[in-house]
Amino acid sequence: MENTKIMKRVLRLAAKASGMTSPNPMVGAVLVKAGKIIAEDYHRKPGTPHAEALVIQKAGEKTKGATLYVNLEPCCHTEKRTPPCTKAIINAGIKKVIIGMKDPNPKVSGEGIKELEKTGIKVISGILEKDAKRLNEAYVKYITTRKPFVTLKIAMTLDGKIATPEGESKWITGEKARTEVHRLRSNVDAIITAIGTVRADDPQLTARVRGFKGLRVREVKRVIIDPKLEIPIDAKILHTPPETIIVTKKFSNPPIPPFSKGGRGGILAKGSVEGFSKREKIKALTDKGIQIIEYESEKLDLHWLVEKLGEMGIMSVMIEGGSSLNSHALEDGIVDKVTFFIAPKIIGGKESFPAVGGKTFRKLADAYQLKDLTVKRIGEDILIEGYIK
């Protein structure tokens, strides 16, 4: 019971850095001696000291004979910017280490535990293991597959609609739910949306989180799926930090439809852009610092996109799109977790946009099944979260 109680404290400490440690895991540590906590801390961000090193430094000479609690197996390899924590633990004279879960990183994967045990340190692993894995679910997937953990977020009415026939969707959910969405955004590395959402809502897709020091904007990349490169050059998402990535179909150099006049900077400063080629528009966008990813297939393979984002070091993404993107993400099997905000509203009408569209449907026996469901109230709305089986 004592191990469980302290490990809960460790997990709470680790979670303080939620959204800040990627591509590293979130790790907390607590040092206990003679039944008292002598030091506690957590890993802040990549390149800074690990949680184990921080508590050892804080405790100083008191570490000798102490017990260390940590939610993830201490690292033992040197292929990183910080020294291996196993060496620091051994040198500090710690006699026992209590671990939440083994590190799935192939460079560690039990080797850290073995190194500690070889020196006579007692190691106990698997304390609140399920909670430890849930906390670092994005890290676990990324370090073992090199693909980001994908969450599908949908805000809908009680009858499963995300917009009226005219495309009106602001605001389906209440203010508290929208605040929660910003918190969720702040925990991922990138947000994926599609050109339809950009043209309909002209969103910024930022992560604005209110904390002790006021409003904090977390730098979350935006990924826009735009096969025909139809995005208006004056779209808010192109002029709002941080980085924006556009995914578009590769063409030789065809003419493109004109985009909005009167935008800010780039070729729009010259007036109308009718007749400009797609290649010229790409140059105008890259001149603004927009990254372009091109694909050659007829239809975008979302598996390919997820792998591409993984190669860019993106560990977690959240999909915030419309009916079509939601259905494609599920059909292509890239979704790990779903987050549904349900508002106590009914729109009705068969022309209203459903949460998940697509031309095909699944039989009841083949429907997407969820596991590990959680349900909670967020203001006037309901939040349901679960994992795709």
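Side notes on the structure shown:
- Residue in region 367-380 that is over 23 Å from the mean Cα position of the chain (by Cα) and touching a residue at least 12 places away in the same chain (Cβ under 8 Å) present: yes
- Count - residues of region 92-127 that are open to solvent by less than 40 Å² (accessible area, probe 1.4 Å), closer than 21 Å to residue 54 by Cβ and in a loop (DSSP other than H, G, I, E, B): 7
- Single match in 31, 11 (criterion: open to solvent by 10 Å² or more (accessible area, probe 1.4 Å) and at pLDDT 95 or above): 11
- Residue selected from region 366-384 under the condition among the acidic types (Asp, Glu) and assigned to a strand (DSSP E or B), by the criterion nearest to residue 165 (Cα to Cα): 381
One line per residue, one yes/no per condition, for (1) modelled with pLDDT of 90 or more; (2) closer than 30 Å to residue 335 by Cα; (3) of a type in the set (A, V, I, L, M, F, W, C):
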position: 94; (1), (2), (3): yes, no, yes
position: 116; (1), (2), (3): yes, no, yes
position: 127; (1), (2), (3): yes, yes, yes
position: 137; (1), (2), (3): yes, yes, no
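- Residue in region 45-56 that is surrounded by 20 or more Cβ atoms within 10 Å (Cβ to Cβ) and in a loop (DSSP other than H, G, I, E, B) present: yes
- Options 91, 71: the member that is under 27 Å from residue 134 (Cβ atoms) and of a type outside the set (A, V, I, L, M, F, W, C): 71
The values are calculated or read from the model by the stated rules, or taken from the named source; none is laboratory data. Predicted, not measured: the structure shown is a model, and the values here were computed from it. Counting neighbours? That spans all protein chains shown, and the Cβs are built from the backbone with ideal geometry, glycine included. For accessibility, only protein heavy atoms count, side chains too; no ligands or nucleic acids. Shrake-Rupley method; radii C 1.70, N 1.55, O 1.52, S 1.80 Å.
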